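Quick notes on the structure that follows.
The values are calculated or read from the model by the stated rules, or taken from the named source; none is laboratory data. It should be emphasised that the depicted structure is a prediction, and the values quoted were computed from it without experimental measurement. Methodologically, a virtual Cβ is constructed for each residue, glycine included, from the backbone with ideal geometry; neighbour enumeration extends over all protein chains shown.
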Amino acid sequence: MTHDVSRYIRQEVERELWARAAGRCQFQGCNRLLYKSPVTQERVNISEKAHIYSFSKEGPRGWGPFATNKRKLNDLANLLLVCHDCHKTIDLDAGGARYPASLLMGWKREHEMRVQIVTGISPNKRSHVILYGGKIGEENSPLQAEATIEAMFPEWYPAEEGPIKLSMSCEHEDQTDLFWQTEANHLRAAFDQQVRPRIKDSNPNHFSVFARADQPLLILLGALLTDKVPAEVYQLHREPPSWKWQSHHDNFAFKVNQPHDTQGEPVLVISLSAKISYDRVTSVLGTGVSVWELTVEDCHNDFLKSRAQLSAFRETARTLMVAISNAHGQAAPLKIFPAMPVACAVELGRVRMPKADMRWVIFDQNNKLGRFVKALEIGGNRG
């Protein structure tokens, strides 16, 4: 133990330590709030100030560079704000082999940098978080707010403590008209109650959308939101599992296949996450159709990685809708057979122009029946 230095830590050092840590444990992976009990939630200071290089010469990490200037052992640079459990974990590491000083200093830098990034975001970067998870076939798709917020930083941060939840749990099977009617009506009502007031308030007027549901309902969600409202739509990636956008592949492009004859009723096949063969369409509608297709070179369920790809999808889809309308007129309904990522489904609805586009009749693949079934309509008197 040092004889010329006490364990007293100056108040200004303690205040800055708390500020830099944002009142959370700096032990990597803990992040516990240190101003309240994790059990009773009562306001109580549960923080401890751990020395990175030990206060005692015989401590786990020794004095290190402070051997010749022991008065600096209590300086901010040598302190880690932690909870009792993590403090004990660090100090029980005899010899400092598992938690060396260099590792603890790295954790301290990373934690403080994360706090700077999060708290340094401009106030105009606030965004309302929308969660919409529905039943997909036999599987429910609940969404966790904690997993989505990480994807927003540092471009956006939540405008409210809790997200806007538009989900419902419908017990009807998804091949029935009652399922689609119930889910669509609920989505429209929840949107009117929770989202429209925030759009009108315009403070902020930005939304971050995280969704997992049947594609017709995702398209409806996008159509309700429209592209007039600033929004960021996210995609849950399989590899690596994350909502965060990744890098863009420069050689990526969407393709449009046009029908040879536009005399039949218009159909749009969207083959992105899987290839939809045309005979699956004609088995439902008959052969008197003109099939347009939006696709990619390699269809699979995890191709969408970047914002740039999603932007290219919006541009291609909007141009395609104009071409179909010009070829068939606005009176005929456009029948849509989708197989695409979640974010594309929402954005397809957002690029829809209610006054200019045809009525949409959206189909959905039903695995129990082994075919596409009519799900819902957008446009006309269906909204």
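Tabulated values for the structure
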| quantity | calculated |
| --- | --- |
| Residues of the range 186-225 satisfying the condition of being assigned to a loop (DSSP other than H, G, I, E, B) and modelled with pLDDT under 95 | Ser202, Asn203, Pro204, Asn205, His206, Ala213, Asp214 |
| Qualifying residue in the range 221-231 (condition: surrounded by fewer than 16 Cβ atoms within 10 Å (Cβ to Cβ), touching an Asp or Glu at 6+ places or on another chain (Cβ under 8 Å), at negative phi and not assigned by TED's automatic domain parsing to the domain that holds Arg314) | no |
| Among (1) more than 30 Å from Lys165 (Cβ to Cβ); (2) touching a helix residue (DSSP H, G or I) at 6+ places or on another chain (Cβ under 6 Å) - the single one Val296 does not satisfy | (2) |
| Evaluation of Trp292 against (1) under 27 Å from Arg238 (Cα atoms); (2) part of a strand (DSSP E or B) (one fails), failing number | (1) |
| Of residues in the range 25-51 being in contact with a Phe, Trp or Tyr (Cβ under 9 Å, 6 or more places away or on another chain) and in a strand (DSSP E or B), the one farthest from Thr89 (Cα to Cα) | Arg43 |
| Selected residue [more than 39 Å from the chain's Cα centre (by Cα) and of a type in the set (Gly, Ala, Ser)] from Ala94, Ala50, Ala77 | Ala94 |
| First in the range 147-168 and over 19 Å from Asn205 (Cβ atoms), second anywhere and in a helix (DSSP H, G or I) and modelled with pLDDT of 90 or more, Cβ under 7 Å, 6 or more apart | Met168/Glu183; Met168/His186 |
| Whichever residue in the range 296-348 is surrounded by fewer than 22 Cβ atoms within 10 Å (Cβ to Cβ) and among the acidic types (Asp, Glu) and, among such residues, is nearest to His248 (Cα to Cα) | Asp302 |
| The listed residue being within 30 Å of Glu155 (Cα to Cα), of a type in the set (D, E, K, R) and in contact with a Phe, Trp or Tyr (Cβ under 9 Å, 6 or more places away or on another chain), out of Lys228, Lys244 | Lys244 |
| Residue in the range 150-184 that is modelled with the highest pLDDT, counting only those that are in contact with a Pro (Cβ under 9 Å, 6 or more places away or on another chain) and part of a loop (DSSP other than H, G, I, E, B) | Ala159 |
| Hits in the range 358-380 (condition: of a type in the set (D, E, K, R) and part of a strand (DSSP E or B)) | Asp364, Arg371, Lys374, Glu377 |
| Within the range 275-289, tally of residues that are at negative phi and in a loop (DSSP other than H, G, I, E, B) | 5 |
| Sole exception among (1) part of a loop (DSSP other than H, G, I, E, B); (2) within 22 Å of Leu131 (Cα to Cα); (3) touching a strand residue (DSSP E or B) at 6+ places or on another chain (Cβ under 8 Å) for Phe303, by number | (2) |
| Verdict on Leu73 being more than 14 Å from Cys25 (Cβ to Cβ) and of a type in the set (A, V, I, L, M, F, W, C) | yes |
| Residues satisfying the stated conditions in the range 117-149, i.e. assigned to a helix (DSSP H, G or I) and either modelled with pLDDT of 85 or more or among the charged types (D, E, K, R) (or both) | Lys125, Glu146 |
| Enumeration of residues in the range 232-269 that are buried (at least 16 other Cβ atoms within 10 Å of the Cβ) and either under 30 Å from Glu146 (Cβ atoms) or free of Cβ contacts under 8 Å to residues at least 40 places away in the same chain (or both) | Glu232, Val233, Tyr234, Gln235, Leu236, His237, Trp243, Trp245, Pro259, Gly264 |
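Residues checked against (1) basic (Lys, Arg); (2) part of a helix (DSSP H, G or I); (3) within 11 Å of Ile270 (Cα to Cα):
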{"residue": "Cys299", "(1), (2), (3)": "no, no, yes"}
{"residue": "Arg314", "(1), (2), (3)": "yes, yes, no"}
{"residue": "Ala332", "(1), (2), (3)": "no, no, no"}
{"residue": "Phe337", "(1), (2), (3)": "no, no, yes"}
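This table checks each residue for (1) of a type in the set (Ser, Thr, Tyr); (2) surrounded by 11 or more Cβ atoms within 10 Å (Cβ to Cβ).
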{"site": "Ile9", "(1), (2)": "no, yes"}
{"site": "Glu16", "(1), (2)": "no, yes"}
{"site": "Tyr53", "(1), (2)": "yes, yes"}
{"site": "Thr68", "(1), (2)": "yes, no"}
{"site": "Asn74", "(1), (2)": "no, yes"}
{"site": "Leu79", "(1), (2)": "no, yes"}
{"site": "Cys83", "(1), (2)": "no, yes"}
{"site": "Tyr99", "(1), (2)": "yes, yes"}
